[in-house]
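Visitor: Before I ask anything, let me first share the structure, which is written out below as structure tokens.
The values are calculated or read from the model by the stated rules, or taken from the named source; none is laboratory data. Remember, predicted model here, so these are calculated numbers, not experimental data. Ideal geometry is used to build each Cβ from the backbone, glycine not excepted, and the neighbour counts take in all protein chains shown.
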Amino acid sequence: MPKVTIDNVEIEVPEGTTILQAARMIGERDKADRHVVPPAMCYYSSLKTSGGYCRTCIVKVSQGSTKDPRPMPKPVASCRTTVMDGMVVQNTTSPELLDARKGVTEFLLINHPLDCPICDQAGECHLQDLGYEHGAEGSRYEFERRTFDPIDIGDTIKLHMTRCILCYRCVKVAEQLTDGRVHGVINRGDVSEISTYIQQAVENDFSGNMIDVCPVGALTDKTFRFASRVWYTKPVDAHRTCENSKCTGKVVLWLKGNEVLRVTGRKDQWGEVESFICNTCRFDKKDVKHWTVEGPRHLDRHSVISANHYELQQKQKLLTKAAPESTPVGRPKEIGQG
Ligand code: SF4
Ligand code: FES
């Protein structure tokens, strides 16, 4: 099995593993090593042929392999490059690589509006995180930005093409999860855009997953738009027995009080949906009584949502409820350590 070293951390991986997957394996092995994992805006492990579009995952290969130790002449997309035995990769330890990633971020933000204060994706937007971690203070772009009017693509999905970074994830969802894809990327170069055939509605049992995989606020849930900032909601894991055999019925309910504001798939530590859910679970089951609530959702991303120690507070509440009045309950810090 080939051995690869990323930011001075070594791992042995199965043949055919990409650099990005190897980095994630290191991150899963030890949380303290997560810095070796490059950001990924278009790769999605459960969608075949995703990756290779956005270039945010670029890394520097300073040694190609034991057999041929020459460095690769330019940064490579880690989601599309397979590891070789003895390969040495730099993600955060190379200043020129970080500079190149800053350039990629600047390109992604050329047309993307900074409308985070009114965007439903704010707080869980991968481009917001990328801009924060790798962006420049300002843009050098002086030309007119391209803009589009938001359009409805079906009853439940709104497309804000102005925010789209053309990562193709929604196209892969449509191709691989739904029957009869009716949307895709039309035109080429700087006039490329996501479009449906003559604004045809995207209506399919699994079309809502396009919203979950969109890394920015280009595809939003019309049933949730402007309902609340996500950080004011309380996400809980819940499940139901879904009649659709392809749907696991395992979701996250985003609650305000007892009101279900939205239903989404469960995302893992890399921001990817663990299992895709059907539109009935997502759009039609907006009442807690439809669901068995399991408990507070563990938010593994360093986003604004987890900034207020939501999970800890929920655990504290549950403990307070369970404990008899005279029994002292531990401080949140102590509970979190348990
Ligand atoms: S709409 Fe979203 S998921 Fe689709 S290509 Fe644009 S950014 Fe990617
Ligand atoms: S995640 Fe690799 S190119 Fe987009």
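Visitor: Please verify whether segment 121-137 includes one or more residues that are outside any helix (DSSP H, G or I) and either among the aromatic types (Phe, Trp, Tyr) or free of Cβ contacts under 8 Å to residues at least 12 places away in the same chain (or both).
Guide: yes
Visitor: To continue, here is another question. Can you give me the number of residues within segment 69-126 that are crowded, with 20+ Cβ neighbours inside 10 Å, among the charged types (D, E, K, R) and over 30 Å from VAL263 (Cα atoms)?
Guide: 1
Visitor: Still on this model: Among the strands (runs of 3 or more DSSP E) confined wholly to segment 152-221, which include 1 or more residues that are of a type in the set (D, E, K, R)? Please lay out each step first, then the result.
Guide: Working: elements: 157-159, 183-186, 193-196, 219-221.
Per the criteria, 157-159, 193-196, 219-221.
Visitor: Another one. Is it fair to say GLY123 is within 15 Å of ligand 1 (Cβ to nearest atom) and either β-branched (Val, Ile, Thr) or closer than 26 Å to ASP300 by Cα (or both)?
Guide: No: the conditions fail for GLY123.
Visitor: Could you please let me know if LEU114 is of a type in the set (A, V, I, L, M, F, W, C), out of contact with any helix residue (DSSP H, G or I) (no Cβ under 6 Å at 6 or more places or on another chain), more than 27 Å from ILE277 (Cα to Cα) and not assigned by TED's automatic domain parsing to the domain that holds GLN63?
Guide: yes
Visitor: So ARG70 ticks every box in (1) closer than 23 Å to LYS102 by Cα; (2) away from ligand 1 (no atom under 16 Å from the Cβ); (3) of a type in the set (Lys, Arg) but one. Which box is left unticked?
Guide: Unmet condition: (1).
Visitor: A follow-up question, please. Could you tell me how many of the residues in segment 41-74 are touching a Lys or Arg at 6+ places or on another chain (Cβ under 6 Å) and more than 11 Å from ligand 2 (Cβ to nearest atom)?
Guide: Qualifying residue count for the region: 2.
Visitor: Follow-up question, since we're still on this one. What is the number of the single condition among (1) more than 16 Å from ligand 2 (Cβ to nearest atom); (2) touching a strand residue (DSSP E or B) at 6+ places or on another chain (Cβ under 9 Å); (3) assigned to a loop (DSSP other than H, G, I, E, B) that VAL88 does not meet?
Guide: It is condition (3) that VAL88 fails.
Visitor: Here's something else I'd like to know. When segment 205-235 is examined, which residues are found to be within 16 Å of ligand 2 (Cβ to nearest atom) and among the small types (Gly, Ala, Ser)?
Guide: Across segment 205-235, the qualifying residue is only ALA218.
Visitor: Which residues, taken from segment 51-67, are surrounded by fewer than 22 Cβ atoms within 10 Å (Cβ to Cβ), within 16 Å of ligand 1 (Cβ to nearest atom) and of a type outside the set (Phe, Trp, Tyr)?
Guide: GLY52, ARG55
Visitor: For residues that are buried (at least 22 other Cβ atoms within 10 Å of the Cβ) and either under 22 Å from ASP85 (Cβ atoms) or in contact (Cβ under 8 Å) with a residue 60 or more places away in the chain (or both), tally how many sit in segment 27-49.
Guide: Counting residues in segment 27-49 that are buried (at least 22 other Cβ atoms within 10 Å of the Cβ) and either under 22 Å from ASP85 (Cβ atoms) or in contact (Cβ under 8 Å) with a residue 60 or more places away in the chain (or both) gives 9.
Visitor: Follow-up question, since we're still on this one. Just to be sure, is GLY51 at positive phi, modelled with pLDDT of 95 or more, more than 16 Å from the chain's Cα centre (by Cα) and in a loop (DSSP other than H, G, I, E, B)?
Guide: no
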